[in-house]
Amino acid sequence: MTEQYVIRLSPKLRGFHIITEAILGGITKPLPDQGLLHVFIQHTSAGVCINENADPDVLHDFELFFNRLAPENLSGMRHTIEGPDDMPAHIKSAIVGHSVQIPIVNGRLALGTWQGIYLCEFRNRASGRKLVISVLS
Amino acid sequence: MTEQYVIRLSPKLRGFHIITEAILGGITKPLPDQGLLHVFIQHTSAGVCINENADPDVLHDFELFFNRLAPENLSGMRHTIEGPDDMPAHIKSAIVGHSVQIPIVNGRLALGTWQGIYLCEFRNRASGRKLVISVLS
Amino acid sequence: MTEQYVIRLSPKLRGFHIITEAILGGITKPLPDQGLLHVFIQHTSAGVCINENADPDVLHDFELFFNRLAPENLSGMRHTIEGPDDMPAHIKSAIVGHSVQIPIVNGRLALGTWQGIYLCEFRNRASGRKLVISVLS
């Protein structure tokens, strides 16, 4: 059985943002005893991933690292019409991915102690982002 | 409930290829109202991911970026017996991943407007690639 | 229907380790005819991915590559309190990911001939790692 929800995130600054609570807040029915939560982002210049939920410095360091990994204005790039941050955003989103899957155990999301769900916003001036949440049981 | 399909893709040139239609064409029963599509590639030198479905320049730029990220003939690499493109192919496939999961909403694949499914072919002279598709509902 | 298992892996050296058999050994009920296996790692400084199961040199080359991709002591990094290997471990785990999904076909894991499941251990002195396995059918 699959329950689904659409969550619209407000526009966020370029960078990494913890959205675990926003996702849980958008799930209006109780989670099943056992199952899987699937979070899908319907965009190609932002991604989702799992990482540390405690120290804001981690978010800073992710942004710094990914900007160096896929910098703007790389020689040879052709897809430049949407701005210098667009093609790097596509690349970064392919690297972190567009979905996360998390087990549901005893009616709760079975994240590790230090795990949170990240929205990875790679555009300079992004609109809000749309997530499709599926709860499988 | 799970429906499964095997899709054999013809050999493709090294690079990124949009295979959304090939996947949908291989699914012979109607999609369920609600569920999840899982696309799995049974290889270690090619991957699958989601990205932009419109501008062919994006495909070009992906190929250029990943070749720089994991170039051939890196110093210290030991797994060279299958050719200089093989170990970089393993690395690239681990980075983009071997499966994508996409929600099915109202009997249709809930991809965003600009999203398509990519085959990421990392070998110079690849054979055809085998995908296992699972439709969960 | 979802069956779940917790698998505790003993502490492993920094590097890439094939854990396919450890996972299958922790699944005590027969796999369903058709379904999906989901492997989730509850940590933020280790990851899981799929790659080559044959040549140990591949494991060596992965470790070498990822150490160069996200080296220790990068300028500008702020999250240094847990040691120079910690922030790179967060980054690497976001790149390889925290879960793998593999189809189950005819009661068996439908891995390709050369595919195995990797534990990617990115810390120098890691404790054991906890996996949550979900079998969906």
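Nothing in this text is a laboratory measurement; each read-out follows from the coordinates by a stated rule. Note that the coordinates shown come from a computational prediction; the quantities given were computed from them, not determined experimentally. Please note: Cβ atoms are built from the backbone with ideal geometry, for glycine as well, and neighbour counts cover all protein chains shown.
Numbers below:
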quantity: Long-range HN-HN contacts of A:GLN34 with modeled amide H, under 5 Å; calculated: A:GLY107
quantity: Average other protein chain Cβ within 10 Å of Cβ, residues C:79-88; calculated: 3
quantity: CD proxy at 222 nm, helix term only [per DSSP H run n ≥ 4: -39500 (n - 2.57); per residue of chain A; nearest 500]; calculated: -7000 deg cm²/dmol
quantity: Formal net charge of residues neighbouring B:LEU9 (Cβ-Cβ distance under 12 Å; K, R +1; D, E -1); calculated: +2
quantity: Folded to 0 to 90 degrees: helix A:56-69 orientation relative to chain A principal axis, Cα; calculated: 40
quantity: Between 0 and 90°, nearest 10: helix A:86-96 axis offset from chain A longest Cα axis; calculated: 40
quantity: Candidate aspartates and glutamates - alpha carbon under 12 Å from B:LYS29, same-chain residues fewer than 8 apart omitted; calculated: B:GLU3
quantity: Those residues of the range C:34-61 whose amide nitrogen sits under 16 Å from the label point placed on C:TYR5, 7 Å along Cα→Cβ; calculated: C:34-41
quantity: Alpha carbon convex hull of chain C, projected area averaged over orientations, nm²; calculated: 8.4
quantity: Averaged over C:38-47, number of beta-carbon atoms from partner chains that fall within 10 Å; calculated: 6
quantity: Burial order of peptide ranges B:33-43, B:5-15 (average beta-carbon count within 10 Å, highest first); calculated: B:33-43, B:5-15
quantity: Charge context of B:PRO56, other residues only, Cβ under 13 angstrom, K/R +1, D/E -1; calculated: -4
quantity: Rounded to whole Hz, the Karplus (6.51, -1.76, 1.60) HN-Hα couplings of the range B:43-55, x for glycine and proline; calculated: 9, 10, 10, 8, x, 10, 7, 10, 6, 4, 9, 10, 8
quantity: Sum of side-chain charges, B:PRO30 neighbourhood, beta-carbon under 12 Å (Lys, Arg +1; Asp, Glu -1); calculated: 0
quantity: Under 20 Å from A:LYS92, Cα to Cα: lysines that are on another chain or at least 8 residues apart; calculated: A:LYS12, A:LYS130, B:LYS92, C:LYS92
quantity: Förster radius 25 Å - calculated FRET efficiency between B:GLU82 and C:LEU13, Cβ distance, rounded to 0.05; calculated: 0.45
quantity: Residues whose placed amide H lies under 5 Å from that of B:ASP55, excluding near-sequence neighbours; calculated: none
quantity: Gap separating the Cα centres of the range C:1-63 and the range B:75-137, nearest whole Å; calculated: 19
